[in-house]
1. Working from Cα positions, state the angle (0 to 90°, nearest 10) between the long axis of helix 93-104 and the longest principal axis of the chain.
2. Please find, in a Gaussian network model of the chain (springs between Cα atoms separated by less than 10 Å), the residue of Arg329, Arg24, Arg250 whose mean-square fluctuation is greatest.
3. Let's test the formula: R0 of 51 Å, r as the Cβ-Cβ distance of Ser321 and Arg135. What FRET efficiency results, to the nearest 0.05?
4. Describe numerically, in nm with one decimal, the distance between label points set 7 Å from Cα along Cα→Cβ at Lys189 and at Glu235.
5. Provide the per residue accessible area, probe 1.4 Å, for the chain, rounded to a whole number of square angstrom.
6. Take every Cα pair under 8 Å in segment 145-226 that's 6+ residues apart, average their separations, divide by the length, and report that relative contact order as a whole percent.
7. What is the angle, in °, between the Cα long axis of helix 348-358 and the longest principal axis of the Cα atoms in the chain? Nearest 10 is fine, range 0 to 90.
8. At 7 Å along Cα-to-Cβ for each site, give me the label-to-label distance between Glu61 and Tyr196 in nm.
Amino acid sequence: MVKLLIIADDFTGALDTSIQFAKRGAVVEVHTEKDVEYEKLSPDVNVVVIDSETRHVSADEAYKVVYQIVDRALKQNIPFIYKKTDSVLRGNIGAELTALCDRSGGRVHFVPAYPDMGRTTNNGIQYVDGVPVARSVFGEDPFDPVLTSNIPELIKNSSDVNVMLISKDDVVGEDKHNGIYIYDAETDKDLLDIAYKLNADHELVTCAGCAGFADALAEMLHIGGSKGSLPVFPEKLFVVCGSVNPVTVRQLDVAEEAGVMRIRLNSTMMLDEKWSTTADAEEKIKYWVSVMQEEGNIILDVNSKYTHNASGEKINPDDRSIVSGNLGRIVKEVIDVESDAMFMLTGGDTLLGAMEALSVYSLRPITELIAGVVAFKFSYLGKDIYCISKSGGFGKENLILELCQILKQGDEKSPEAISDGVLMKI
């Protein structure tokens, strides 16, 4: 029986949020089809996650998509709905929370902090490592810059619903008005305190936030079962980076400085949809695989040529789907040559492009290797392929080196196992 619906606006968000429930033994299914046929789901499914892919559409379109998803869920009597939002406020947050509020006809409790990732909320301002998010690197995002750090202002820019700010010292009275309630939080304890209070008041029905509050929500709802053992992960790491976020770029720089081979893809590899089928591609892919086999790790990176094409002109942001599609086809060709590796795919578009190229429609989350870094597997041509997903803006600068070490150490340093019954469909 489905107890919780999570609506995420991109693929990596769907993964890093669903893992909070999966690691407690919940049976989770993640879908990219928006019209989930709930009546056809296995009866042991506890949590359904829908990747709405609404981050880069118009606010009006995002509102309609989320409203329709919520409408179907409520008609199925799903008791809890969680709107996963980006921890640095990218996307159509105001429109999507409004859709949830309008269709549910009640209150949406929005807790945007993620302390483990340095995202905190104080007096309604979202911070990243102590810096207001609009003044951080996320304010300079080439595709989706964050223009304000003020969360009430952000919501009111695309919504006319009531917005209430709840500080850590505030108490929500019994005479609650419908609308969006924004909660300050700076520590994991703050998140748990909010979850406890909402649970005591029977107010967890419609909540929103990122993976941070999802973890606290999972603690409250007790949706879980038995946990299985972790598999033995491949030691070799093949990184495919489709993110231009400076946080990820720095992680690549540190790994390269430590000796990891870094291949910078050129504009032909990224924008020519036929390149992956050429003799040039076959030759280069065999070479990349040989480097990984000899050195143990390799990085394919869109940076340095991603924002400019061969003539030096800036590539149109509308080409991002072409780039992610090409990266997906490259991943497929690499796996066809050598599948015994751990594939790290950064950015939701990159991950979705790879799954589409491989014609893979279900995958299983395994564990969270590092906060915000999710390991999962899927079956391809009868063999299990292991992957890692990470949002572009997550992680410390030595993250890739730390992952290499985790894979080399194997079971000795493996994170806690989760239920092997967790299924994710795309």
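1. Computed tilt is about 50 degrees.
2. Arg250
3. Plugging the Cβ-Cβ distance into 1/(1 + (r/R0)^6) gives 0.95.
4. Here the answer is 4.3 nm between the modelled labels.
5. Here the per-residue accessible area is 41 Å².
6. Relative contact order for segment 145-226 comes out at 21 percent.
7. It is inclined by approximately 60 degrees.
8. If labels sit at Glu61 and Tyr196, their model points lie 4.4 nm apart.
The values are calculated or read from the model by the stated rules, or taken from the named source; none is laboratory data. Bear in mind the structure is a predicted one, so any value in this text is a computation, not a measurement. Don't worry about glycine lacking a Cβ; one is built from the backbone with ideal geometry, like all the others, and counts go over all protein chains shown. The protein model used for the area step is the full one, side chains on, heavy atoms only, and it has no ligands, DNA or RNA in it. Shrake-Rupley method; radii C 1.70, N 1.55, O 1.52, S 1.80 Å.
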